[in-house]
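The values are calculated or read from the model by the stated rules, or taken from the named source; none is laboratory data. Since this is a predicted model, take the numbers as computed values, not measurements. Virtual Cβ from ideal backbone geometry, glycine too; neighbours counted across all protein chains shown. In case anyone asks, the SASA skips ligands and DNA or RNA and just uses the protein heavy atoms, side chains included. Shrake-Rupley method; radii C 1.70, N 1.55, O 1.52, S 1.80 Å.
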Amino acid sequence: MGTASARLRQWHIEGADGRRCTITAGRGIASHQSLIPTDSSRIAVLTQPSVADRVKRMIAELEQATGAVAELRVLPDGDAAKELAVVGETYGWLNAIDFTRDGLLVGIGGGALTDVAGFVAATYLRGVEVVYMPTTLLGAVDAAIGGKTGINVDGKNLVGAFRHPLRIVVDLDLLDALPLELRREGAAETVKAGFIADERIIAAYEADGIDTALDDVVPAAIEVKVETVTEDFREGGRRAILNYGHTIGHAIEVAAGIAHGDAVSIGMVAAGRVSAEVLGFQGEGRQRAVLERIGLPTVAPAVNPDEVMNLMARDKKRDRDGLRMILLRDFGDPVVQHVSAENIHLGLREIGVAGS
Ligand SMILES: NC(=O)c1ccc[n+]([C@@H]2O[C@H](COP(=O)([O-])OP(=O)(O)OC[C@H]3O[C@@H](n4cnc5c(N)ncnc54)[C@H](O)[C@@H]3O)[C@@H](O)[C@H]2O)c1
Ligand SMILES: [Zn+2]
């Protein structure tokens, strides 16, 4: 993908409700300047413990530079923030600080934080504007983009709303500083975007593995997500291609209790095998090699095959005719297809799920 560039990139998504979402990616842009609202009377910032100190500095700078006052609330870390009780407390807090419909909510954190900030924004006063500043790679290329918000009630993301934020600010400097595990987690979704839609992302990871400069791969992966969700906001058709590796991957994630990115990597290996069998996909070896180069797993931990099959049977992508998977005819050429139990077993055997 050529040399790294510090260029500012921008995209726009028109929401089904006529609202417009602007995504900006670049370096050094997670500053107080991107918090400045156009005409909102109040700024309320939701964040999480891991980035709270940085966010406090940003707010102090904002207040000094503009005289604007921003209120801050630190939610629990990770998915502990996506609880109904936390949402309820946050509504109460917004009410207590007199946050009105012309206020601006800001969510700064990983995918869990932007999911809950988006849900609060979609529902409080029947909808207020929100800005996301994703601080994880997965958040930047995946969770923040596309207008899906959600919280966990019994099941993961069981309750949610479709609503795009006003702005998404992706600061690559912030993502460079992430610990290895979070970079790997995000790399799985980034290279997935490569497999389904942009071979340049694959080539970049082939060259430098997990150390691949983010300047090109992150904007490229954002572009894949933007284009896909623009075509299909509510996942009726094309948006489903973003689930490549997720049908089997998600079942492995739950059964083995492993990280989402690792599970997606394993799921893509299985989907690659099924793709080769059903559609004559030639890229299995290349796919596996680049995942290994990144340091992602390609074999599942010991799991109960029956449990994996049961989990998949409950997959939302199942319909009357059986299980649907995203398969590749070639890199950049995904198809949504019904898959026989026999072919699923083939995929499971490929990732070492014994007895399947
Ligand atoms: N809405 C969507 O379309 C969508 C898509 C994919 C995933 N998601 C959701 O995203 C969540 C996963 O996102 P995630 O992987 O970002 O996990 P996360 O939000 O749980 O964050 C992972 C960990 O990283 C820490 N962290 C965040 N920023 C950091 C930083 N800059 N430096 C150091 N540590 C930092 C967090 O404190 C947390 O412990 C899940 O809840 C998932 O459901 C949503
Ligand atoms: Zn995913």
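Each residue in segment 229-251 was checked for being small (Gly, Ala, Ser) and either within 15 Å of ligand 1 (Cβ to nearest atom) or touching a strand residue (DSSP E or B) at 6+ places or on another chain (Cβ under 7 Å) (or both), and 3 of them qualify. The set of residues in segment 252-302 that are β-branched (Val, Ile, Thr), more than 16 Å from ligand 1 (Cβ to nearest atom) and open to solvent by 30 Å² or more (accessible area, probe 1.4 Å) comprises VAL278, VAL299. Taking GLY332 as the residue in question, decide whether it is assigned by TED's automatic domain parsing to the domain that holds VAL226, touching an Asp or Glu at 6+ places or on another chain (Cβ under 8 Å), surrounded by fewer than 20 Cβ atoms within 10 Å (Cβ to Cβ) and within 24 Å of THR212 (Cα to Cα). Considered against the rule, which asks whether it is assigned by TED's automatic domain parsing to the domain that holds VAL226, touching an Asp or Glu at 6+ places or on another chain (Cβ under 8 Å), surrounded by fewer than 20 Cβ atoms within 10 Å (Cβ to Cβ) and within 24 Å of THR212 (Cα to Cα), GLY332 comes out as yes.
Residues of segment 134-185 that are of a type in the set (Gly, Ala, Ser), within 7 Å of ligand 1 (Cβ to nearest atom) and buried (at least 23 other Cβ atoms within 10 Å of the Cβ): GLY139, ALA143.
Contact map, segment 122-138: first residue closer than 16 Å to VAL87 by Cα and of a type in the set (Gly, Ala, Ser), second residue within 16 Å of ligand 2 (Cβ to nearest atom) and at pLDDT 95 or above, Cβ cut-off under 7 Å, separation 6 or more or different chains; pairs are ALA122/THR149.
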